[in-house]
């Protein structure tokens with residue numbers, strides 16, 4: 001990638017009120033040997049003036065000439081980046097608060113779902129002295145973006161609920177034991193959006209359907225998932241899709257299976273090479289448990305690994 005020379009957000013003011021501004025927001029990137037790249041970030045954005053002025057003062061926002069005359073006030077604010085995805089592109093929310101130390105307790109304003117090149121993101125981190133958090137790292141609740149990607153460490157697809165219960169349990173436990181992940185129901189292996197409308201009709205309502213999904217997780221996963229997955233119904237191309245967002249958990253989770261004689265066994269699953277896999281070796285399970293409880297560095301220092 002060509003060397004980054006400069007980047008900035010360009011605001012086209014449409015209306016100025018006492019406390020807010022209405023604008024269109026663009027982003028410009030200048031790289032060595034390449035023409036200026038400009039893209040639209042928001043067609044319409046209403047933003048509190050206190051934060052708009054602060055970003056103008058920081059030189060991250062600039063006003064495009066030709067709009068209404070505007071004189072920003074001298075002000076500062078705390079800036080944080082709520083990161084959703086990392087890679088060559090970084091997907092994040094720009095979060096603002098008058099006081100940096102209160103930012104994550106009470107985000108006052110948010111520009112959602114900004115996607116920038118990694119070096120551009122790093123430039124804004126330094127220039128704004130922004131703090132970052134990774135609470136939603138790996139979360140992908142846009143069906144079309146998810147389908148555009150292959151199944152990977154953070155995304156899996158299942159055709160339905162009724163015929164995929166064991167696979168769903170395996171995937172949910174693997175995400176909870178490894179990393180934040182997204183499980184979609186109603187998408188085929190070849191990434192066609194087929195929907196689960198017929199299953200919802202069978203259960204009688206969306207609420208009953210979601211209750212069946214969460215009840216399965218409650219009944220068959222030990223211990224109880226914490227934090228518990230978010231389960232929602234989305235609509236794509238007129239078809240209903242279930243999205244389960246599974247945060248990485250705080251314990252070692254397993255699926256409860258019933259075997260001969262009414263006895264139960266527990267099976268641990270993890271994410272490995274972009275797949276959910278069973279781990280049956282007790283020594284490997286013990287190693288994973290130790291890493292989860294005290295961390296790999298401490299475990300190695302104590303000679304436990």
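Can you find a residue in the stretch 242-261 that is surrounded by 20 or more Cβ atoms within 10 Å (Cβ to Cβ) and on the phi > 0 side of the Ramachandran plot? No: zero hits. The test for being crowded, with 16+ Cβ neighbours inside 10 Å and within 30 Å of residue 180 (Cα to Cα) holds for residue 78.
When the stretch 87-123 is filtered for residues that are surrounded by fewer than 14 Cβ atoms within 10 Å (Cβ to Cβ) and free of Cβ contacts under 8 Å to residues at least 24 places away in the same chain, the ones remaining, listed by number, are 99, 101, 105, 106, 112, 122. Among the residues making up the stretch 242-259, a single one is farther than 14 Å from residue 223 by Cα, in contact with a helix residue (DSSP H, G or I) (Cβ under 8 Å, 6 or more places away or on another chain) and part of a loop (DSSP other than H, G, I, E, B): 247. Check the stretch 124-139 and report whether any residue there is touching a residue at least 24 places away in the same chain (Cβ under 8 Å), more than 30 Å from residue 107 (Cα to Cα) and either surrounded by 17 or more Cβ atoms within 10 Å (Cβ to Cβ) or touching a helix residue (DSSP H, G or I) at 6+ places or on another chain (Cβ under 8 Å) (or both). The answer is no, given that none of the residues of the stretch 124-139 is touching a residue at least 24 places away in the same chain (Cβ under 8 Å), more than 30 Å from residue 107 (Cα to Cα) and either surrounded by 17 or more Cβ atoms within 10 Å (Cβ to Cβ) or touching a helix residue (DSSP H, G or I) at 6+ places or on another chain (Cβ under 8 Å) (or both). Counting residues in the stretch 67-76 that are under 29 Å from the mean Cα position of the chain (by Cα) and modelled with pLDDT under 95 gives one or more. On the stretch given as the stretch 213-233, residues that are part of a helix (DSSP H, G or I) and more than 19 Å from residue 156 (Cβ to Cβ) total 3. Screening the candidates 144, 157, 175 for the property of being assigned to a helix (DSSP H, G or I), crowded, with 20+ Cβ neighbours inside 10 Å and under 17 Å from the mean Cα position of the chain (by Cα) yields one hit, 175.
Residues of the stretch 218-241 that are touching a strand residue (DSSP E or B) at 6+ places or on another chain (Cβ under 8 Å) and under 22 Å from residue 188 (Cα atoms): 229, 230, 231, 232, 233, 234, 235, 236, 237, 239, 240, 241. Taking the stretch 114-136 as the range and being within 26 Å of residue 37 (Cβ to Cβ) and in a loop (DSSP other than H, G, I, E, B) as the test, the residues that pass are 129, 130.
The values are calculated or read from the model by the stated rules, or taken from the named source; none is laboratory data. The structure displayed is predicted, hence computed values, not measured ones. Don't worry about glycine lacking a Cβ; one is built from the backbone with ideal geometry, like all the others, and counts go over all protein chains shown.
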